[in-house]
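The values are calculated or read from the model by the stated rules, or taken from the named source; none is laboratory data. These figures come from a predicted structure and were not determined experimentally. Here the Cβ positions follow ideal geometry from the backbone for every residue, glycine too, while neighbour counts run over all protein chains shown.
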Amino acid sequence: MNNLPPQSLAELREALFAIEQGNSPLSIGQTSLTMLKRMLASPSSTAVSTMSSIAGSNNVHPSTLTRLAYSLGYKKFSALHKLFRDHVEGSDHFYTNKVTRLIADEGDVSKPDALFETILEQETQNVGSLNLSISRAACQQVVDTLINARKVRFHGRRQFYCLAAFYSYSLGLIRENIDILQDDIHGISHSLNYMNERDLLVVMGCAPYTKATVDACQIAQSQGIQIIAITDTPHSPLAQFAMQHLIIPTESEFYSNSMAAAFALAEATLAMTAQQMGTIALETLEKREKMIEQFGISVRQSDRLSLKAVKPN
């Protein structure tokens with residue numbers, strides 16, 4: 001029987017899952033358990049933070065982290081902390097490392113539903129971790145800035161482009177001067193040249209960070225443009241340039257960053273924005289709906305009935 005404490009972040013997550021399911025001999029207090037969830041929700045932040053800063057940012061005494069480490073079977077907190085540091089240092093080949101671990105797990109291959117259930121469980125945990133850790137005051141500040149900025153531009157690369165597009169489309173339904181930061185033949189710097197301190201750039205991305213996104217932050221900051229970062233740790237290169245940041249959990253067995261919490265955060269903050277804008281949002285949305293009707297973009301109920309009536313040859 002293996003009595004060793006978890007030797008990797010993946011094993012640590014398995015241990016957490018077993019504890020929550022009541023299938024573990026380990027006994028961990030609720031405060032320590034909550035801390036473990038928060039640490040696993042932001043492994044990059046945990047890796048680069050000291051024991052004191054981790055405790056301070058979560059409003060607990062450092063002894064809580066010591067008790068957590070002991071409860072998991074480690075002699076001291078540094079041994080637990082090393083799992084997070086090793087995880088981040090081994091992320092140079094982020095995508096291939098994750099797929100390698102995924103296909104090497106023969107246990108899931110023997111049970112086709114196991115991986116499906118694992119991913120859904122992890123995504124649920126990520127959204128739950130977001131709910132536990134996100135500052136409502138920080139969300140309100142972001143909402144205020146989204147409302148009051150002269151114009152808002154969203155920027156994300158690779159998989160975070162879809163999140164930027166979602167924000168741009170959704171916020172564009174209820175207020176004017178919303179768009180993706182254009183990266184045309186003139187380059188991002190050209191687009192940023194038409195923004196100033198009254199405008200807002202919302203950047204989004206997680207490790208491994210895209211250099212072009214970090215460069216956009218640096219240029220925007222030099223222009224005095226307001227910056228909000230949606231990222232995975234307060235220590236990310238995006239957060240370092242931002243006046244405000246919101247942290248999203250992104251860990252799962254998926255071979256890239258998990259996006260469930262990111263989109264849940266987007267829906268929550270955008271709904272808050274619409275509610276706070278009130279009739280202004282409603283009037284703008286009515287104009288958008290009228291335009292949609294004029295272009296005949298949506299399939300009407302009568303059209304759907306007509307389509308059902310058409311039988312294939």
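Before moving on, here are some points about what is shown:
- Against the test of being aliphatic (A, V, I, L, M), buried (at least 16 other Cβ atoms within 10 Å of the Cβ) and in contact (Cβ under 8 Å) with a residue 60 or more places away in the chain, the options ILE247, ILE280, ILE225, ILE219 yield a single qualifying residue, ILE247.
- Among the residues making up the range 60-95, those that are modelled with pLDDT under 90, assigned to a loop (DSSP other than H, G, I, E, B) and closer than 17 Å to THR46 by Cα are GLY90, SER91.
- Single match in PHE166, PHE160 (criterion: more than 30 Å from ALA47 (Cα to Cα) and within 14 Å of the chain's Cα centre (by Cα)): PHE166
- Matching residues in the range 197-215 - criterion: being free of Cβ contacts under 8 Å to residues at least 40 places away in the same chain and either surrounded by 14 or more Cβ atoms within 10 Å (Cβ to Cβ) or in a helix (DSSP H, G or I) (or both): TYR209, LYS211, VAL214, ASP215
- Considering the range 38-56, and only residues there that are hydrophobic (A, V, I, L, M, F, W, C) and within 19 Å of THR66 (Cβ to Cβ), the residue that is surrounded by the fewest Cβ atoms within 10 Å (Cβ to Cβ) turns out to be MET51.
- The set of residues in the range 67-81 being surrounded by 15 or more Cβ atoms within 10 Å (Cβ to Cβ) and either more than 15 Å from LEU33 (Cβ to Cβ) or among the basic types (Lys, Arg) (or both) consists of ARG67, TYR74, PHE77, HIS81.
Listed here are the residues, each with its yes/no results for (1) over 28 Å from GLU11 (Cβ atoms); (2) part of a loop (DSSP other than H, G, I, E, B); (3) at pLDDT 90 or above; (4) of a type in the set (Lys, Arg).
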residue: PRO234; (1), (2), (3), (4): no, yes, no, no
residue: PRO237; (1), (2), (3), (4): yes, yes, no, no
residue: GLN240; (1), (2), (3), (4): yes, no, no, no
residue: HIS245; (1), (2), (3), (4): yes, no, yes, no
residue: SER252; (1), (2), (3), (4): no, yes, no, no
residue: PHE263; (1), (2), (3), (4): yes, no, yes, no
residue: ALA266; (1), (2), (3), (4): yes, no, yes, no
residue: GLN276; (1), (2), (3), (4): yes, no, yes, no
residue: THR284; (1), (2), (3), (4): yes, no, yes, no
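- Residue, modelled with the lowest pLDDT, within the range 27-37, restricted to residues that are part of a helix (DSSP H, G or I) and farther than 11 Å from LEU65 by Cβ: LYS37
A quick yes/no check of all residues on (1) aliphatic (A, V, I, L, M); (2) assigned by TED's automatic domain parsing to the domain that holds THR210; (3) in a loop (DSSP other than H, G, I, E, B):
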{"site": "GLN125", "(1), (2), (3)": "no, no, no"}
{"site": "ASP144", "(1), (2), (3)": "no, yes, no"}
{"site": "LEU171", "(1), (2), (3)": "yes, yes, no"}
{"site": "ASP183", "(1), (2), (3)": "no, yes, yes"}
{"site": "MET195", "(1), (2), (3)": "yes, yes, yes"}
